[in-house]
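Q: There's a structure below that I have some questions on.
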Amino acid sequence: MAQDQPSFSHGLSIGDRVQVMGDEKRVKQLQVDHGGWVDAMAGTIGQKGKIARLYQDGDVRVEVNGSSWTYNPACLRVIEKAAIGSSQPPATSTPTYKPTSSKPSYSTKPSYSTKPASYIPPPDLSPKKTSQSAPKTASTTSSGEKPSCIVCFEDFDDDQHKVIAFLPCGHTTCSKCSVKVSQCHVCRKPIASKIPIYM
C-alpha cells in the first residue's frame, strides 16, 4: 500500500478490483449510515468495479458500469488487488464528488442545487388587483401622503388641480397641466381622451 493512502482495517486500496455483494436486501441494510441506498444502485448488485477513492471514515468509492457509488466496505469482495505502488486513482471521465457533511450514495455526475444556501425568493411581479376604479399611477401613493401631480408637483385638492386620467394609457396629471399636453408625459402615447378622476 502506498504511503499517501490512509490505512484501513478493511485492507482495500485504490485501484483494487472488487465485486458488489449479490444480495440486494443485505446491501441496503449495510448501506445505512454508509452513504445510503438509492434505487439506481440496484444495477450494481453483483457487478464488478474498481475502487476510486477511500474515505477517512472507511467507506469506499467504487466505479461500477461507468458510475461512481459510495459503499460500505462490507458490501464488497476483492477480486484483484491493485499493483503495489499505484497510489494514484485511475483517470475517470466523471469527477468524484464527496460533500463535507455526508457521503453521496448516487452517481458522481455533479448535481447542482436549484436553490443556493442563502436563497432569497424573487419578488412577486404579478399584477395586483386594487379596489380603486382608477389605475394606480405615479401620482398616487400608498404611504398615506396626499397625491400630487407629477408634472407640477401641486397637491390634487382644488379646482385647478383635479386628477385627470389620459386614455388609453391611464396615466394622470392635474387639470391645469393636462390642457398643456397632447401626448402622455409618462409613456409618450397620443392622448385619445381625458377624463376626471374623483378621489
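The values are calculated or read from the model by the stated rules, or taken from the named source; none is laboratory data. Keep in mind that this is a model prediction, so the values were computed, not measured. Quick reminder, even Gly has a Cβ in these numbers, built from the backbone with ideal geometry, and neighbours come from all protein chains shown.
Q: Search segment 50-61 for residues that are under 16 Å from VAL20 (Cα atoms) and pair each with any residue that is among the small types (Gly, Ala, Ser) and assigned to a strand (DSSP E or B) when their beta-carbon atoms are under 9 Å apart and the residues are at least 6 apart or on different chains.
A: Hits for this filter: ALA52/SER68; ARG53/SER68; VAL60/ALA52; ARG61/ALA52; ARG61/SER68.
Q: Looking only at segment 81-94, decide whether some residue is farther than 18 Å from GLN31 by Cα, surrounded by 10 or more Cβ atoms within 10 Å (Cβ to Cβ) and modelled with pLDDT of 70 or more.
A: yes
Q: If only one of ALA74, ALA40 is of a type in the set (A, V, I, L, M, F, W, C), modelled with pLDDT of 55 or more and under 30 Å from the mean Cα position of the chain (by Cα), which one is it?
A: Testing whether each residue is of a type in the set (A, V, I, L, M, F, W, C), modelled with pLDDT of 55 or more and under 30 Å from the mean Cα position of the chain (by Cα) leaves just ALA40.
Q: Out of curiosity, is SER67 modelled with pLDDT under 85 and of a type in the set (Gly, Ala, Ser)? If you could, list the steps in order and put the result at the bottom.
A: Numbers: modelled with pLDDT under 85: no; of a type in the set (Gly, Ala, Ser): yes.
It is false that SER67 is modelled with pLDDT under 85 and of a type in the set (Gly, Ala, Ser).
Q: Something else now. Return the total of residues in segment 46-70 being in contact with a Gly (Cβ under 8 Å, 6 or more places away or on another chain) and surrounded by fewer than 17 Cβ atoms within 10 Å (Cβ to Cβ).
A: Selection size over segment 46-70: 2.
Q: Within segment 140-160, take every residue that is of a type outside the set (D, E, K, R) and either modelled with pLDDT of 80 or more or touching a helix residue (DSSP H, G or I) at 6+ places or on another chain (Cβ under 6 Å) (or both) and give me the one that is surrounded by the fewest Cβ atoms within 10 Å (Cβ to Cβ).
A: PHE153
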